[in-house]
Amino acid sequence: MSRVYPFDDAATARAVINDDGTLVEWNDGARRLLGHPADEVVGRPAVELLAEYGAPAVPSGTRWDGTVGLRHRDGHTLAVWLLAHHRPSHDDRPGDWLVVTPLTGAEPPAADDLPTRAGLIQSPCAIAVFDDELRLRQMNNAMADVIGLPEKRVRGLRLAEIDGRPQSEELERNMLLVLTTGRPMDVETSMPASSEPRAHTWLARMAPVVDAQDRIRGVSLAGHDVTENRRARQRLQVVNEASVRIGTTLDVTRTAQELADVCVPVLADFVTIDLLDPHEQGGEPPAHITAPVTLRRFAHQSVLRGVPEAVLEPGETQEYPPHSPQADSLTAGHTIITSMTAGNMQQWLTWNTTRGERVRRFGIHSSMSVPIRARGLTLGVAVLTRHQRPDSFTADDRLLAEEITARAAVCVDNARRYSRERETALALQRSLLPRTLPRTAALEASSRYLPAARAGVGGDWFDVIPLSGMRVAMVVGDVVGHGVRASAAMGRLRTAVRTLADIDLAPDELLTHLDDLVVRLSEESGGDGSPGEVGATCLYAVYDPVSRRCTLARAGHPPPLLLRPGSRPQQLDLPAGPPLGLGGLPFESEELELPEGTVLALYTDGLVQSREPDVDARWALLREALGTSADSLDGTCDRILHALLPHGDAADDVALLLARTRGLPAAQVATWDIPADPALVAPVRKQVVHQLADWGLGETAFTAELVVSELVTNAIRYGSHPIRLRLIHDATTLIFEVSDTSHTAPHLRRAKTFDEGGRGLLLVAQLTQRWGSRHTAEGKTIWAELPLYEPEAHDTYDEHDA
């Protein structure tokens, strides 16, 4: 056997026996004791050394001690007390037994022996004194209780020989350092006491023993059981870890899973988190819990892969009857611990056969049900069970579980409240956004709205608004802020845009009026009235399919992207304009021609903003996603969102509106210049009738003649030259437009019985679906729309929200 310490190895008789009973090591102390040299006994059965062959050669367990009769080489029998430690192998080889007995120290030390005087025999602290060869000289009763052997049996043995565990070998190395350096040392180690299988934590305090000449004569070892202190530190560490790991998001499911993850394996082998279903209680937990109670599984965790103990999957619900752990703890309002040894788990095994089968299969022997409560409300229950750990739940485990659950309950309640408020704001937001986009002959449109992942619902909006003359307005806006207030402000702005669009304002004029509205909203919001208290950005565009021209203006909003057929996407260089709400600053509009099939992309800044600093890269992704050919705008919308927000976690709200332009063929438009002569109205009516016949609309000729006669006559009488009549033929509508250079708009009035005029516009209003006027740069245009058939309810364009 290799010598680790520079001391007399023969002071202990030591032998090593394999698990098959063969002697594999024999030291010089064993030779001195029994007279057999090593070469005579190594490799032979150890039972041959026994005086009685019927005695067992290999004991059972991990440690054995006792007095046996051994045969001396000269033939006589020696009664020898032996201490045996089983040492498991760390590889595929079998383990062995270390068998020792002391050859020195059999007699008690003299009264004036220095190591003896150093020991406090009556101290409640476990104390042992070792000599300068690190052999035990004396120990007190407390240390004997820890070791589980009397002093007279182990006196003269080293610590590693007394205990036989790797931890004792490490302690012995530290004792050697104390012996050689003369400096005391504290070491914390873990090993079970002799009377308990559960490991204890010990603080081993080692100090040199010196004589009057300051010579080191030995080492004193004092063992302090600090198990409870260590457990308290561990509990505090678990609580601190729970405060960091639980509640990282405002998501109820994620928070519940974090609670389960923290409890496994520190507290339990299997944990389930079941919460009261808010849908069953109208969004709020009930004030009083009565059994049976319906719970929804939100999370679970296990030390076993795949959580095989679970009966329910996350998202599933179950009704828990009285006497179930979940229902009992919820109705009682406090933690309930059950165990097989206490015999109070029987009802748990019988109320649900599937659960009972799982309990028996995995050997679940202890359960602890902890109500999840916050702010006086019961939210659910956490059930902790053990089947891998042999010990049952203790009072300390209960305190720790309640502390962790109480912290998690606040996070769960915060997440629940946030989720409910966010759902309310999102419902409001979606109710204020268009559910469908109108189907128009001017363009094909598709849109997406994606709420912010963490910041909450904001004030992004989009809209497509049909205008007169088959024109279409497109608008995208963003109100500063998040929450219900931003959604409400967005709804007011969207309504205002629709109202202003209905009177056919130019884009720059519309933004000017909208800016005034935002200033008033800012003053009404309760702020100090300073500009920008309620801010917003907006992009407004009007497309005319007849002229195929688009007029755009923006108020601090990101510029749109344009994809012309056969070209690459480009960013339009529009005048930026100030954000809405500053007041008094002008807006500029720009007009450009768009070939048929051009895609116009309008969006809010949440699409291109990111936590990443490389904004240019996101612009490149947007252009690439838009430029990739797709059969539908819906597919393009999805591709853009997937490219820029692959995980759907937008930092801000995202509104995206794509529009593909269409052009109206010249054959569907007819224009006449009208002389300022009332006598020529009849020839104009005749030309209109011929044109309608060419379009196959002869059945509308009578109504069309009346409308044209009234509009043209009104323009000749009250308008200014030049006067122009334009007819636009769509599949569903016939549009009449009369333009002149006068800026005076007509007004509808009711003529009295003997009035000679005032019936023209009233007649037009009665004969057509709708009519109106709009101002142009040259003057005004009076228009009227005559439906060619009754529109059906299904003629709408379904927009898919993201």
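Since every read-out is calculated from the coordinates, none of them should be taken as a lab result. Because the structure is a prediction, the values reported are computed rather than measured. With ideal geometry, Cβ positions are generated from the backbone for all residues, glycine too; neighbour counts draw on all protein chains shown.
How large is ³J(HN,Hα) for each residue in the range 129-138, as worked out from phi by the Karplus curve 6.51 cos²θ - 1.76 cosθ + 1.60 (θ = phi - 60°), to whole Hz, x for Gly and Pro?
10, 10, 7, 6, 10, 6, 9, 5, 9, 6
Return the FRET efficiency for the residue pair ASP214, VAL311: r is the Cβ-Cβ distance, R0 is 60 Å, and the value is rounded to the nearest 0.05.
Details: r = 71 Å, r/R0 = 1.18.
In this case the efficiency is close to 0.25.
If I take R0 = 30 Å and measure r between the Cβ atoms of ARG389 and THR248 in this structure, what FRET efficiency does the formula 1/(1 + (r/R0)^6) give, to the nearest 0.05?
Details: r = 28 Å, r/R0 = 0.92.
Computed FRET efficiency for ARG389 and THR248: 0.60.
Between GLU228 and HIS72, what is the label-point separation in nm under the 7 Å Cα-to-beta-carbon projection?
Calculated label separation equals 5.2 nm.
Give, in nm to one decimal, the length gained when the segment between ARG183 and SER632 is fully stretched (0.36 nm per residue of separation minus the Cα-Cα distance).
Values: separation 449, 0.36 × 449 = 161.64 nm, distance 8.22 nm.
Length difference between fully extended and current span is 153.4 nm.
Let me know the charge dipole size of the chain about its Cα centre in debye, to the nearest 20, where only the beta-carbon of Lys, Arg (+1) and Asp, Glu (-1) is charged. Could you put the intermediate results ahead of the total?
On the way: 81 positive and 109 negative charges, 186 e Å.
With only Lys, Arg, Asp and Glu charged at Cβ, the dipole is about 900 debye.
Read phi for every residue in the range 159-165 and hand back ³J(HN,Hα) as whole Hz from Karplus 6.51 cos²θ - 1.76 cosθ + 1.60, θ = phi - 60°, with x for Gly and Pro.
My calculation for the range 159-165 gives 4, 5, 7, 6, 9, x, 9 Hz in order.
How large is the dipole of the range 469-594 about the Cα centre if only Lys and Arg carry +1 and Asp and Glu carry -1, each at its Cβ, rounded to the nearest 20 debye?
Working: 11 positive and 17 negative charges, 120 e Å.
Result for the range 469-594 is approximately 580 debye, rounded to the nearest 20.
What's the extension gain from ASP616 to LEU680 if we count 0.36 nm per residue and subtract their Cα-Cα distance? Display every interim value, and only then the final one.
Working: separation 64, 0.36 × 64 = 23.04 nm, distance 6.20 nm.
Between ASP616 and LEU680, full extension yields an extra 16.8 nm.
Once you keep just the Cα pairs under 8 angstrom separated by 6 or more residues, what percentage relative contact order results for the range 235-422? Walk me through the intermediate numbers first.
On the way: 342 pairs, mean separation 51.4, N = 188.
That works out to 27 percent.
Kindly write out, for the range 38-43 in residue order, the coupling ³J(HN,Hα) from the Karplus curve 6.51 cos²θ - 1.76 cosθ + 1.60 (θ = phi - 60°), rounded to whole Hz, with x marking Gly and Pro.
4, 5, 8, 10, 5, x
In debye, nearest 20, what is the charge dipole magnitude of the range 235-422 about its Cα centre with +1 on Lys and Arg Cβ and -1 on Asp and Glu Cβ, if you could check? Each step should come with its number before you reach the end.
Values: 20 positive and 22 negative charges, 30 e Å.
Charge dipole of the range 235-422: 140 debye, to the nearest 20.
Taking every pair of alpha-carbon atoms in the range 235-422, what share in percent sits in each 10 Å bin, from 0 to the bin with the longest distance?
That works out to 10, 41, 38, 11, 0, in percent per bin.
Ranking request for peptides 438-446, 638-646, 596-604, 537-545: highest mean number of other beta-carbon atoms within 10 Å first, then the rest in descending order. Please report the intermediate quantities before stating the final value.
Values: 438-446: 20.7, 638-646: 16.7, 596-604: 22.3, 537-545: 25.3.
Output ranking for 438-446, 638-646, 596-604, 537-545: 537-545, 596-604, 438-446, 638-646.
Quick one: if the Förster radius is 30 Å, what FRET efficiency do ALA291 and ARG485 give, using the C-beta to C-beta distance and rounding to 0.05? Don't jump to the answer; show the numbers that get you there.
Working: r = 42 Å, r/R0 = 1.41.
With a Förster radius of 30 Å, E is 0.10.
Among VAL80, PRO208, VAL24, flag the residue with its Cα farthest along the positive direction of the charge dipole of the chain, charges on Cβ as +1 for Lys/Arg and -1 for Asp/Glu.
VAL80
What full-extension length gain, to one decimal in nm, is calculated for ASP396 and SER567 as 0.36 nm per residue of separation minus the Cα-Cα distance? Intermediate values should be presented prior to the final figure.
Values: separation 171, 0.36 × 171 = 61.56 nm, distance 7.18 nm.
Stretched out fully, the ASP396 to SER567 stretch lengthens by 54.4 nm.
Considering only PRO308, LEU275, THR378, whose Cα is most displaced toward the positive end of the charge dipole of the range 235-422, charges sitting on Cβ of Lys, Arg (+1) and Asp, Glu (-1)?
PRO308
Can you give the Rg to Rh ratio for the range 433-661, taking only C-alpha atoms and Rh from Kirkwood?
On the way: Rg = 16.7 Å, Rh = 17.7 Å.
Value, to two decimals: 0.95.
Under the rule of at least 5 residues apart or a separate chain, name every residue whose amide H is placed under 5 Å from the amide H of TYR320.
Those lying under 5 Å, H to H, from TYR320 are VAL293, THR294, LEU295.
How high is the relative contact order of the range 666-787, in percent, counting Cα pairs under 8 Å that sit 6 or more residues apart? Numbers along the way, then the final one.
Details: 196 pairs, mean separation 29.7, N = 122.
So the answer I get is 24 percent.
Modelling each spin label as a point 7 Å along the Cα-to-Cβ direction, I'd like the ARG639/CYS125 distance in nm, to one decimal.
Placing both labels 7 Å beyond Cα along the Cβ direction yields 7.8 nm.
At 7 Å along Cα-to-Cβ for each site, give me the label-to-label distance between VAL608 and THR495 in nm.
So the label points at VAL608 and THR495 sit 3.2 nm apart.
What ratio of Cα Rg to 2.2 N^0.38 Å holds for the range 647-714? Display every interim value, and only then the final one.
Details: Rg = 21.7 Å, N = 68, 2.2 N^0.38 = 10.9 Å.
Computed over Cα atoms of the range 647-714, the ratio equals 1.98.
Taking 8 Å as the Cα distance limit and 6 or more residues as the minimum spacing, I'd like the relative contact order of the chain as a percentage. Could you put the intermediate results ahead of the total?
Values: 1626 pairs, mean separation 54.2, N = 802.
Relative contact order of the chain: 7 percent.
Percent of alpha carbon pairs in the chain separated by more than 40 Å?
Numbers: 202594 of 321201 pairs.
For the chain, the share of Cα pairs beyond 40 Å comes to 63 percent.
Tell me, what is the Rg over Rh of the range 174-321, with Rh the Kirkwood radius over Cα pairs? Please report the intermediate quantities before stating the final value.
Details: Rg = 25.5 Å, Rh = 20.0 Å.
Over the Cα atoms of the range 174-321, Rg/Rh equals 1.27.
Just report the Cα centroid separation between the range 357-403 and the range 651-725, whole Å.
For the range 357-403 versus the range 651-725, the Cα centre distance is 80 Å.
Rank LEU626, VAL707, LEU644 by how far each Cα sits towards the positive end of the charge dipole of the range 590-715 (+1 on Lys, Arg Cβ; -1 on Asp, Glu Cβ) and give me just the farthest.
VAL707
222 nm [θ] for the chain, helices only, -39500 (n - 2.57) per DSSP H run of 4+, per residue, to 500? Kindly include the intermediate steps, with their values, before the conclusion.
Details: 20 runs with 243 residues, N = 802.
Helix contribution divided over all residues of the chain: -9500 deg cm²/dmol.
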